[in-house]
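Below: the structure, in structure tokens.
The values are calculated or read from the model by the stated rules, or taken from the named source; none is laboratory data. Model, not experiment: these values are computed from the prediction. Cβ atoms come from the backbone with ideal geometry, glycine included; neighbour counts cover every protein chain shown. SASA here: full protein model, heavy atoms, side chains in, ligands and nucleic acids out. Shrake-Rupley method; radii C 1.70, N 1.55, O 1.52, S 1.80 Å.
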Amino acid sequence: MKAGHASLRFDADTDALAAYVARLVVVDDLGLLTTTESRSRALVKKVRARLPKRYRVLRRHEYLFVWDTTRLSKAGRARLIVLTPLRFWSMGSLSKLFLVGQLDLRARDSRERVRVQAGHAPSGVQGGTASWRRNPEQNRVLAARRGFVAWGERIAAAPGVVLAHMDANLDQRSPHWRGYLTHTLGAESVWTGCLPPAGKGTHGSRVIDTAHVVGAPTRWPHLAETKRPEKVDHVAFVYNVDL
């Protein structure tokens, strides 16, 4: 089955975003897609209207979960998990937390339980290829480090397969950061041994969008070729997972 992740934009036009999400799902024949920066009821309705009837769309906070009901069935309620209570990012009058959306599904063929998680880590935390950033907002770095540890603990305690999708804001081209996330989350990166060509990434040349998987083999991670709306500055990625 193909799975994917797309980091969107809060301020992009919802019609353009809905068309983009639907194209990603249909063109790549995805069984599962997660997104970030999707906090809009209107977007959910518009995505549903554009997809074939076999797909379901569910939102928790900024995360969308889209799945093919002929391949996956819902096995539990969607949840929103606070990984750390530290408020690390001010946006106007709002303070953001390191939150993860979670949905339990089940593979129809194998009956394997599949826990899907989507997260959006603090930005501005990577200082180099092997160092955390030093800046006045050190609470972002602290939230990222504590949050990833807490996320790893939840992955370790989960039953069955876990697919952890994220905008990690840590470049997976760096062996240090790829290894850091693999070790801290206790889950292998889909990009291990199979990175995009030099100069191409999910955000410019950087590969900061990733999936870490436990309990199922993955192969052929690649950047999606579907054209993005003008404001969307991340490239979606797709990979195969054997369920």
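No other residue among G76, G4 is assigned to a loop (DSSP other than H, G, I, E, B) and touching a strand residue (DSSP E or B) at 6+ places or on another chain (Cβ under 7 Å) apart from G76. Across region 111-143, which residue is farthest from the chain's Cα centre (by Cα) among those that are surrounded by 13 or more Cβ atoms within 10 Å (Cβ to Cβ) and part of a loop (DSSP other than H, G, I, E, B)? Out of the qualifying residues, it is E137.
Within region 206-223, one or more residues are aliphatic (A, V, I, L, M), within 20 Å of G128 (Cα to Cα), part of a loop (DSSP other than H, G, I, E, B) and free of Cβ contacts under 8 Å to residues at least 40 places away in the same chain. Does R9 count as in a loop (DSSP other than H, G, I, E, B), open to solvent by 10 Å² or more (accessible area, probe 1.4 Å) and without any contact (Cβ under 8 Å) to a residue 60 or more places away in the chain? No. Could you list all residues from region 195-224 that are under 16 Å from the mean Cα position of the chain (by Cα) and either of a type in the set (V, I, T) or modelled with pLDDT under 95 (or both)? Scanning region 195-224 gives T202, V207, I208, T210, V213, V214, T218. Quick check, is G152 crowded, with 18+ Cβ neighbours inside 10 Å, out of contact with any Asp or Glu (no Cβ under 6 Å at 6 or more places or on another chain) and either of a type outside the set (A, V, I, L, M) or farther than 16 Å from V116 by Cβ (or both)? Yes: the conditions hold for G152.
Inside region 19-53, can you point out the residues that are assigned to a helix (DSSP H, G or I), open to solvent by less than 70 Å² (accessible area, probe 1.4 Å) and within 27 Å of V213 (Cα to Cα)? Passing the criteria: Y20, V21, A22, L24, V25, V44, V47.
Whether a residue is touching a helix residue (DSSP H, G or I) at 6+ places or on another chain (Cβ under 8 Å), in contact (Cβ under 8 Å) with a residue 12 or more places away in the chain and of a type in the set (S, T, N, Q) was assessed, and T70 does not pass this test.
Answer yes if at least one residue in region 28-43 is under 27 Å from R111 (Cβ atoms), free of Cβ contacts under 8 Å to residues at least 60 places away in the same chain and basic (K, R), and no otherwise. No, region 28-43 contains no residue that is under 27 Å from R111 (Cβ atoms), free of Cβ contacts under 8 Å to residues at least 60 places away in the same chain and basic (K, R).
Yes/no per residue for (1) within 21 Å of V125 (Cβ to Cβ); (2) modelled with pLDDT of 95 or more; (3) hydroxyl-bearing (S, T, Y); (4) part of a helix (DSSP H, G or I):
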{"site": "R145", "(1), (2), (3), (4)": "yes, no, no, yes"}
{"site": "V149", "(1), (2), (3), (4)": "yes, yes, no, yes"}
{"site": "G152", "(1), (2), (3), (4)": "yes, yes, no, yes"}
{"site": "A156", "(1), (2), (3), (4)": "no, yes, no, yes"}
{"site": "W177", "(1), (2), (3), (4)": "yes, yes, no, yes"}
{"site": "H183", "(1), (2), (3), (4)": "yes, yes, no, yes"}
{"site": "G193", "(1), (2), (3), (4)": "no, no, no, no"}
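One residue alone among L170, L223, L163 is open to solvent by 30 Å² or more (accessible area, probe 1.4 Å) and of a type outside the set (D, E), and that residue is L223.
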